[in-house]
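Working notes for the structure below.
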2 protein chains.
Amino acid sequence: MSTQNELIESLRQIIGAPNVLTEGDLTAWVRDWRKRETGKALAVVRPGSTLEVAAVVKACAAAGVSIVPQGGNTGMVVGSTPDASGTQIVLSLQRMNSVRALDAANLTITVDAGCVLQAIQETCEQAGFLFPLSLASEGSCTIGGNLGTNAGGTQVVRYGNTRDLCLGLEVVTAQGEVWNGLSGLRKDNTGYDLRDLFIGSEGTLGVITAATMKLYPLPAAQLTALAAVPSLDAAVTLLGLAHRFLSSGLTGFEVMGQFALSLVVKHFPQQRVPLYQDAPYCVVLENSDHESEAHARAQFERLLEAAMEQGCVTDAVVAESITQARALWHIRESIPLAQAEEGLNIKHDISIPVSRIPEFVRVTDALLAQAFPGARLVNYGHLGDGNLHYNVQAPAGADAAAFLNEQEQGINTLVYESVDQFGGSISAEHGVGSLKIDKLEHHKSPVALGMMRAIKQALDPQGIMNPGRVVRV
Amino acid sequence: MSTQNELIESLRQIIGAPNVLTEGDLTAWVRDWRKRETGKALAVVRPGSTLEVAAVVKACAAAGVSIVPQGGNTGMVVGSTPDASGTQIVLSLQRMNSVRALDAANLTITVDAGCVLQAIQETCEQAGFLFPLSLASEGSCTIGGNLGTNAGGTQVVRYGNTRDLCLGLEVVTAQGEVWNGLSGLRKDNTGYDLRDLFIGSEGTLGVITAATMKLYPLPAAQLTALAAVPSLDAAVTLLGLAHRFLSSGLTGFEVMGQFALSLVVKHFPQQRVPLYQDAPYCVVLENSDHESEAHARAQFERLLEAAMEQGCVTDAVVAESITQARALWHIRESIPLAQAEEGLNIKHDISIPVSRIPEFVRVTDALLAQAFPGARLVNYGHLGDGNLHYNVQAPAGADAAAFLNEQEQGINTLVYESVDQFGGSISAEHGVGSLKIDKLEHHKSPVALGMMRAIKQALDPQGIMNPGRVVRV
């Protein structure tokens, strides 16, 4: 206890008393985004510079106190909030939110880890560039959190995950040393890929304090279409055609099941949802064009004509204005909200090779219908990346809370075992955190888990970096 | 010694005596590609399956004998041949050369590590897909070697390095365990990124036995242009315009200095080299188009007109036929051969942020001219990736062998210190091997080297995987 008080005292000296929070309402830092768990922090520490982060980590390491790095605290898997022990420090990067440099000729931007994603997008757009990472929480998530969890989002089909957009990192190690791996280099084969090891490690190996990210020229036009497809097989065929006809112009490909769309109509009646009544699935396609809107439209028409000839699209609308395009995307974005309105539900964030998704859904739907009669499937997601949010809603009229209480484990087990059968992943874009750490023990190969433990012990021998997340040693 | 004989005997039992070579001419396996060093192998071992590789590694680990994994043995940094001790096993993957699966709907191909790059390119093209990795040694290098060294090549500006084309690996660990990390998944956030840790580790952490790689639709047309530019600054401006006008259609951007081109003219007089007499630099641009050749040509013309208006291009030719396009690329490919004809020279494979390359070349040219009067600079490379092959030729008429003997160390030191000043890398695409392992100690941050050593010890505690390469523990 006295060690803890001494630590807090020395932290106050390092970064200033106002930046070491121990009293008052700390909910924003200790409760996870989905409100599944509320922890207790020894203190919430808010350093203002990389050197302050290093000093904080050194002090915690000396005191043997563990650290939970936190960005916008918008994670989905309880990975950035402290446990209930009251012995962990929350290390918030939010005060480190400066853009360090934008290098137009090198197509890179270097930012502090605490920069909010949307602020980075806006800075780049004002300079005439696109920073393509885009996800629902972009108004509050930070680039440090995006990197720590290798966030995905809606543009992955063209630009990849956060990992693919990063050229270099600045990291404070578990020993409190600063690794300046910031780099605007597109080629650097001088040893092991430390950058990608920290990306997606969810703060369990060190603290990401800054990053150099890739930029792209702003597209001249962006068009959105909604297409009705007769089946998931047809949606996969459409995806293949879209790759051929639009090439890298294809920047969005989102599938939505009919029941998911019906929930949007039910709970947001003011929203117009075209095409869905007669279609088992609808697809939102986005075409980003570097030439002109006319060219984008011509490309879209070529694609949709070919798709209708092949029978993989039964009907389609192309947005005539940015407002219409936003409305089409808004349908997709409204699904999780409509689900919440419908009641508690069981969320999955799975990936399967694109070619096997239709069969996966057929098989898994049937298994669920058999084992959990009446359970309703809210199936939608980033089909272009093989990533489905294959969610399960309680039977109509049932007590959702009771249903979850009784069935969540069983439903997760059934879905994840089916994912294993199809060579998929139980966490496509949300990460592991503490929510899936036990499941990972059953769904990841023992050889891989063994290597992960060896790496964790090698880089964080004290085990103070976000313990109980990702992997247990 | 008897242990060694027992090991060889057991290896013969594991994979068959004909696949354990200990006598005869083993030059192809023990001498490096650039003929800089010839080692001695305890044996050259050629397993035919992943399980055989695992059994070989287990046997070597039990005997404490170290292993040098080898693909096509086309590396540039002496990383895949044994040392002179005669105590190391060369583990050749060449017999493992099957295509395991091509998944058209998932846009992936899964191949054994020993598949020759060109064979993979051809298999994909016959199926209507592009596997974009392309480099000079593609006729003999293997995908396992490409992955082990994270090879670059001529299409990186659009498709990235080998790392960016890989979705999953199968690896035999230093303990002889098989990790099946083969995955056709574009999103998988279930723990540390082991895939990218093995990619580029040059066989020092384990043996890559298979991989799942990304495919792309074949472009409808590919056009090549040669542009004369008044300076490197102009070349960088042209690159920015090319990104804007061609977007991801820009699949090649190679710069060539006037002296480099003059060597091609001098030593290959049958080759026609346009434009170079009046231009300090020429650029080869490639535009891959998914619509049509007419569209590709129109795009190219838009770009070149804009570039001439801005003064960053003084003259340009667009190839009218595939033969002409090949001829333009052939000029670029002939530079290293022309250099060899001119005599021994000092090669560098460096990268610098694109925006800083012109200043780097100005500063470093001047330093070299001052310190090594008469030394001639053969400057060319993948400007689109910030990667220069900034090579140094002995003064005209000088004894090249004597010059190298006396000056190579000094010239390397000067160039690499300048690279450090500009935040660059001393090995952009060739890797470290044994050739640059000592230099890396001076040019990589101690914090990064410390993490590399910790990872090496964690995954290969016996130190039997390609010791003396990349990093010393």
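The values are calculated or read from the model by the stated rules, or taken from the named source; none is laboratory data. Quick caveat, the model's predicted, so the values are computed rather than measured. Every residue, glycine among them, receives a Cβ derived from its backbone with ideal geometry; neighbour counts consider all protein chains shown. To get the accessible areas, we keep the full protein, side chains included, count just its heavy atoms, and leave off ligands, DNA and RNA. Shrake-Rupley method; radii C 1.70, N 1.55, O 1.52, S 1.80 Å.
Overview of values
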read-out	value
Test: residue in region A:410-425 that is at the interface with chain B (Cβ under 8 Å from one of its Cβ atoms), within 21 Å of the chain's Cα centre (by Cα) and either closer than 20 Å to A:LEU147 by Cβ or among the aromatic types (Phe, Trp, Tyr) (or both)	yes
Residue match in region B:243-250 (condition: open to solvent by 30 Å² or more (accessible area, probe 1.4 Å), within 21 Å of B:GLU333 (Cβ to Cβ), in contact with a helix residue (DSSP H, G or I) (Cβ under 8 Å, 6 or more places away or on another chain) and at pLDDT 95 or above)	no
Qualifying residue in region B:253-266 (condition: buried (at least 17 other Cβ atoms within 10 Å of the Cβ), among the β-branched types (Val, Ile, Thr) and under 30 Å from A:THR251 (Cα atoms))	no
Residue within region B:16-37 that is open to solvent by less than 40 Å² (accessible area, probe 1.4 Å), within 21 Å of B:VAL178 (Cβ to Cβ), touching a residue at least 40 places away in the same chain (Cβ under 8 Å) and not aliphatic (A, V, I, L, M) present	yes
Residues of region A:167-207 satisfying the condition of being over 19 Å from the mean Cα position of the chain (by Cα) and of a type in the set (Ser, Thr, Tyr)	A:THR173, A:SER183, A:THR190, A:TYR192
Subset of region B:277-294 [open to solvent by less than 30 Å² (accessible area, probe 1.4 Å), within 27 Å of the chain's Cα centre (by Cα) and without any contact (Cβ under 8 Å) to a residue 60 or more places away in the chain]	B:CYS282
Selection count where residues are open to solvent by 10 Å² or more (accessible area, probe 1.4 Å), assigned to a helix (DSSP H, G or I) and under 27 Å from A:GLY240 (Cα atoms), scope region A:359-383	5
Hey, A:GLY240 free of Cβ contacts under 8 Å to residues at least 40 places away in the same chain and either out of contact with any strand residue (DSSP E or B) (no Cβ under 6 Å at 6 or more places or on another chain) or open to solvent by 10 Å² or more (accessible area, probe 1.4 Å) (or both) or not	yes
Number of the exception - A:ARG356 against (1) open to solvent by 50 Å² or more (accessible area, probe 1.4 Å); (2) over 25 Å from the mean Cα position of the chain (by Cα); (3) within 14 Å of chain B (Cβ to nearest Cβ)	(2)
All positions within region B:104-121 that are more than 12 Å from chain A (Cβ to nearest Cβ), open to solvent by 20 Å² or more (accessible area, probe 1.4 Å) and outside any strand (DSSP E or B)	B:GLN118, B:ALA119, B:GLN121
Subset of region A:301-338 (residues that are in contact (Cβ under 8 Å) with a residue 60 or more places away in the chain, hydroxyl-bearing (Ser, Thr, Tyr) and farther than 22 Å from A:LEU135 by Cβ)	A:THR314
Boolean, B:ILE331 is assigned to a helix (DSSP H, G or I), in the same structural domain as B:LEU285 (by TED's automatic domain parsing) and in contact with a helix residue (DSSP H, G or I) (Cβ under 8 Å, 6 or more places away or on another chain)	yes
Residue among B:GLY433, B:GLY424 that alone is touching a Gly at 6+ places or on another chain (Cβ under 6 Å) and at pLDDT 95 or above	B:GLY433
Filter result (in contact with a helix residue (DSSP H, G or I) (Cβ under 9 Å, 6 or more places away or on another chain) and not in a loop (DSSP other than H, G, I, E, B)) within region A:19-52	A:ASN19, A:VAL20, A:LEU21, A:THR38, A:ALA41, A:LEU42, A:ALA43, A:VAL44, A:VAL45, A:GLU52
Residue count for region B:62-79, restricted to those that are among the aliphatic types (A, V, I, L, M) and open to solvent by less than 20 Å² (accessible area, probe 1.4 Å)	5
Leading residue by the ranking (farthest from B:VAL68 (Cα to Cα)) among those in region B:138-182 that are within 11 Å of another protein chain (Cβ to nearest Cβ), β-branched (Val, Ile, Thr) and open to solvent by less than 20 Å² (accessible area, probe 1.4 Å)	B:VAL156
Strands (runs of 3 or more DSSP E) contained in region B:184-280 and holding at least 1 residues within 14 Å of another protein chain (Cβ to nearest Cβ) and farther than 26 Å from B:PHE360 by Cβ	B:206-214, B:221-229
Restricting region B:122-137 to residues that are in a helix (DSSP H, G or I) and of a type outside the set (S, T, N, Q), the residue that is least open to solvent (accessible area, probe 1.4 Å)	B:CYS124
Those residues of region A:363-403 which are within 14 Å of chain B (Cβ to nearest Cβ) and polar (S, T, N, Q), in sequence order	A:ASN387
Residue tally, condition in a helix (DSSP H, G or I), away from every other protein chain (no Cβ under 14 Å) and surrounded by 20 or more Cβ atoms within 10 Å (Cβ to Cβ), over region A:295-320	2
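Residue-wise test of (1) closer than 30 Å to B:LYS347 by Cβ; (2) outside the structural domain of B:THR209 (by TED's automatic domain parsing); (3) at pLDDT 95 or above.
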site	(1), (2), (3)
B:GLU6	no, yes, yes
B:PRO18	no, yes, yes
B:TRP29	yes, yes, yes
B:LYS35	yes, yes, no
B:GLY39	yes, yes, yes
B:THR50	no, yes, yes
B:VAL56	no, yes, yes
B:CYS60	no, yes, yes
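Yes/no per residue for (1) aliphatic (A, V, I, L, M); (2) over 12 Å from the mean Cα position of the chain (by Cα); (3) assigned by TED's automatic domain parsing to the domain that holds B:ARG326; (4) modelled with pLDDT of 95 or more:
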{"site": "B:GLU122", "(1), (2), (3), (4)": "no, yes, no, yes"}
{"site": "B:GLY139", "(1), (2), (3), (4)": "no, yes, no, yes"}
{"site": "B:THR142", "(1), (2), (3), (4)": "no, no, no, yes"}
{"site": "B:THR149", "(1), (2), (3), (4)": "no, no, no, yes"}
{"site": "B:ARG158", "(1), (2), (3), (4)": "no, yes, no, yes"}
{"site": "B:LEU165", "(1), (2), (3), (4)": "yes, yes, no, yes"}
{"site": "B:ALA210", "(1), (2), (3), (4)": "yes, yes, no, yes"}
